[in-house]
Amino acid sequence: MGKKWIIFFFLCIFLKSPLIFAAKDFPSVKLYISFDLSKHSINGKADYVLPKGKEVYIEKGNLILDSIKLGDKSIKPVIKDGTFSVIADKDSKLNISFEGRFSPASIKTSQGEALSQNVIDKMGICLVQGWFPAIKELAYYEISAIVPIDFEALAPSDDIEVKTLKKSKIYRFIFPYPSESPAFVAAPYFIQTEKFNDIYISIYLLSKDEPLANLYLNKTKEFLNEYSQMIGPYPFKRFSVVENVLETGHA
């Protein structure tokens, strides 16, 4: 197996400035998730606030949807090709309880690289697409996640809150700009962070390697400088470079 690729949580490209979205009415999604690593499973609840009168499409993927409520009423929408739609006429609140299983044994590979992108295992968690009922448009996202005490977690965010318990940590990720469905990763990472031009640059590695972390920190600063001169300042608080728990061939 080759060296694991590094994935970039770039959050949004520079051109997607927060000012572009200021006047639009986007859905908001709050996710509450927990994991059973031995069963490779996720259990979660998604609370949506939808624009009234607008049809919103939601992707089910390979998840089990335990319950769907629009306001106080349980609904059973028609699911076609893994997608269903909801129109919030009177009540804009939608709540979905869901569960899923993402085992390393189910990962498809080609020439030693993973083709599927989701895994939950004792070695780590990597969830990229289809791991929660995602809206098929931009939305505001907030994620609360419970992970093992020795794991560090990350999702697109400007603000990160962490509460440490005896055997677990509770993370809260807040990203106050509309975005596509977010990724989520967690593993026993070594983290090195540096503040650069009011941006927190963080390097997440699966083993402690300070020289490598410093190399990526310096390369990231060069990258941010170069693109800031080309297309304007990076508009977010954080930029993270994360080593994937999978052998993937994309960045």
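The values are calculated or read from the model by the stated rules, or taken from the named source; none is laboratory data. Nothing here was measured: the structure is a model prediction, and the numbers come from that model. Don't worry about glycine lacking a Cβ; one is built from the backbone with ideal geometry, like all the others, and counts go over all protein chains shown.
A single member of P188, P235 is in contact with a strand residue (DSSP E or B) (Cβ under 9 Å, 6 or more places away or on another chain) and either more than 21 Å from V162 (Cα to Cα) or of a type in the set (A, V, I, L, M) (or both), and it is P235. Checking the structure you have, find out if any residue of region 221-228 is in contact with a strand residue (DSSP E or B) (Cβ under 8 Å, 6 or more places away or on another chain) and assigned to a strand (DSSP E or B). No, region 221-228 has no match at all. For region 44-84, filtering for residues that are part of a strand (DSSP E or B), surrounded by fewer than 16 Cβ atoms within 10 Å (Cβ to Cβ) and not β-branched (V, I, T) leaves 9. For region 164-174, residues that are in contact with a strand residue (DSSP E or B) (Cβ under 7 Å, 6 or more places away or on another chain) and either more than 20 Å from N118 (Cβ to Cβ) or in a loop (DSSP other than H, G, I, E, B) (or both) total 5. The set of residues in region 181-209 being outside any strand (DSSP E or B) and out of contact with any Pro (no Cβ under 6 Å at 6 or more places or on another chain) consists of S181, A183, P188, Y189, N197, D198, L206, S207, K208, D209.
Quick one: how many residues across region 2-51 are at positive phi and at pLDDT below 90? Adding up the residues that qualify gives 1.
Every residue, every condition in (1) basic (K, R); (2) at pLDDT 95 or above; (3) crowded, with 18+ Cβ neighbours inside 10 Å, yes or no:
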{"position": "E142", "(1), (2), (3)": "no, yes, yes"}
{"position": "I149", "(1), (2), (3)": "no, yes, no"}
{"position": "D158", "(1), (2), (3)": "no, no, no"}
{"position": "K166", "(1), (2), (3)": "yes, no, no"}
{"position": "K169", "(1), (2), (3)": "yes, yes, yes"}
{"position": "I174", "(1), (2), (3)": "no, no, no"}
{"position": "A186", "(1), (2), (3)": "no, yes, yes"}
{"position": "F196", "(1), (2), (3)": "no, no, no"}
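Scanning region 233-251 for residues that are modelled with pLDDT under 85 and among the polar types (S, T, N, Q) returns a single hit, T248. Any residue at all in region 237-245 that is more than 30 Å from V49 (Cβ to Cβ), in contact with a Cys (Cβ under 9 Å, 6 or more places away or on another chain) and in a loop (DSSP other than H, G, I, E, B)? Scanning region 237-245 turns up at least one residue that is more than 30 Å from V49 (Cβ to Cβ), in contact with a Cys (Cβ under 9 Å, 6 or more places away or on another chain) and in a loop (DSSP other than H, G, I, E, B). The single residue among P156, P178 that is within 30 Å of F26 (Cβ to Cβ), assigned to a loop (DSSP other than H, G, I, E, B) and out of contact with any Asp or Glu (no Cβ under 8 Å at 6 or more places or on another chain) turns out to be P156.
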